[in-house]
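Working notes, beginning with the structure itself.
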Amino acid sequence: MQKSWFKILIAAVSSMAAIAAGPGCAGPGPKLAPVAPLEIVATDAGDVEHRYDMNDDGRADYAELLNADGRVHRLQFDTDNDGVLEAVVDRLSAGSNEGDRQLVVLLDSIPYGVVHEAWQAGRFRLFPPPSRVISPFPVMTDLSFSEFFGVSPSPGAESEYYDGNILHGGYDVYAAEGNAAWIDHTDYHLQFIAHAVAYLWPDIWYGHELGKIQRHFFRGQENPFVGYVVTTSGLGATQGRNGHQSALVRLDRFCQAVMFELRGRVQITLMSDHGHCLLPSKRIPLSDLLKKFGYRITSRLRGPGDVVVPEFGVVNFAGVYTKSPDSVARDLIGVDGIELTTFLDKDDSVVVQSLDGLARIRRSAAGDGYRYDCEHGDPLQLLPVVDALRRNGEVGPDGSI
């Protein structure tokens, strides 16, 4: 117990030191393209040419040509500073150019919808339209990127976790990056011990992170170069949609500056682990409520009334560990803010319960499908989908899909 508390104390002291440093330790931001073109010109070929003054001398030294689909298909550069855009790079076939640098930027918590809207409005036209990623459940950064880099499973859903024997971790594990084996596959990331300042001053530290990635990428030889940005999560958490919008505008300008600096000889990939719901959230006091119900809050399960409740940071999912899952699920579904409870029963069926329904998800006898059997109600609202599949002949004789 003393050792565990000592670790937490060290993490707390380190976090306080990082917070005390505040925004003053943030480094310089990245080079960014101008927020708007110097001029926009329609060409005889039907393209639209956006000309930018990248060195602020009043003359265009970089241009992006957009085709009828709104994609940037050609870049032009003034390579000798004579005011003439003479160098041309074909962007839509540039992926086949041997020797191109590869830059991958992992962005925490950027919602697909916000990116899609930014693209529709005219940003990120160096890229094709954005596509969705499918995150694991529960939707957590460590789980998502561990799956992406092929280093699953993580020790826990988050840095405080129950391993089947005892409750582990918390701030000491988080600060030591103990649940994030995926981080070894990045070439830049802000040390987790400094994430506190990133969330307190996300605007300043977002510039710090983009600046670090850009400078390391320009100087280094890693190919691909992978950078992880945590402050997009802080911007969304503290400022909502406006925070994400400011991050995306700066990110697009960052990409344009990288493209200009490398004269088009770079492929950039942008990806997020998951999104934000962009709604206010309120913490549900699970431990307090379970204690009032009569359960015993503990770090190790011994009796049927014991529960282990990791409560570290998740906001849309919570895991409660118990030897009596049916009882705990039954009691928690009546709590304000809980939409569904689910557990694995003794027959390996997934039981899903809502306020007005209970269903079991079972694997078919042949092992090639699943059944959704509602005992009452329709907690996952899947019965219309199952009916449509049945009409299409896609439901087996035993009801499996």
Using a probe radius of 1.4 Å on heavy atoms only, what accessible surface per residue do you get for the chain? Whole Å² is fine. 53
Note the count of lysine pairs whose C-alpha atoms are less than 22 angstrom apart in the chain, limited to pairs 8 or more residues apart or on different chains. 6
With angles folded into 0 to 90 degrees, how steeply does helix 2-21 sit against the dominant principal axis of the chain? Use alpha carbons for both and round to 10. 30
For the chain, what are the per-bin percents of Cα-Cα distances with bins 20 Å wide, up to the bin holding the maximum? 22, 47, 27, 5, 0
Have a look at Pro384, Ala366, Pro325 and report the one farthest towards the positive end of the charge dipole of the range 264-401, computed about the Cα centre with Cβ charges (Lys/Arg +1, Asp/Glu -1). Pro325
Quick one, what does Rg over Rh come out to for the range 134-183 if you take C-alpha atoms and the Kirkwood Rh? 0.96
Any idea of Val307's accessible area? Nearest 10 Å², probe 1.4 Å. 0
Neighbourhood net charge (9 Å Cβ-Cβ; Lys/Arg +1, Asp/Glu -1) for Val266: +1
Take Trp201, Trp182 and sort them by solvent-accessible surface of the protein heavy atoms, 1.4 Å probe, largest at the top. Trp201, Trp182
About the Cα centre of the range 276-401, what is the dipole size in debye to 20, counting +1 per Lys and Arg Cβ and -1 per Asp and Glu Cβ, all else neutral? 520
Using a 1.4 Å probe over the heavy atoms of the protein chains, calculate the carbon and sulfur portion of the accessible area of the range 139-186 as a whole percent. 52
What does the charge dipole of the chain about its Cα centre add up to, to the nearest 20 debye, if the Cβ of each Lys and Arg holds +1 and the Cβ of each Asp and Glu holds -1? 1180
Whole-percent carbon and sulfur share, accessible surface of the range 271-401, 1.4 Å: 52
The range 29-101 - charge dipole about Cα centre, Lys and Arg +1 at Cβ, Asp and Glu -1, debye rounded to 20: 340
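The values are calculated or read from the model by the stated rules, or taken from the named source; none is laboratory data. Computed from a predicted structure; not experimentally measured. Here the Cβ is made from the backbone with ideal geometry for all residues, glycine too, and neighbour counts use every protein chain on show. We work out accessible area using only protein heavy atoms, side chains counted, and drop any ligands, DNA or RNA first. Shrake-Rupley method; radii C 1.70, N 1.55, O 1.52, S 1.80 Å.
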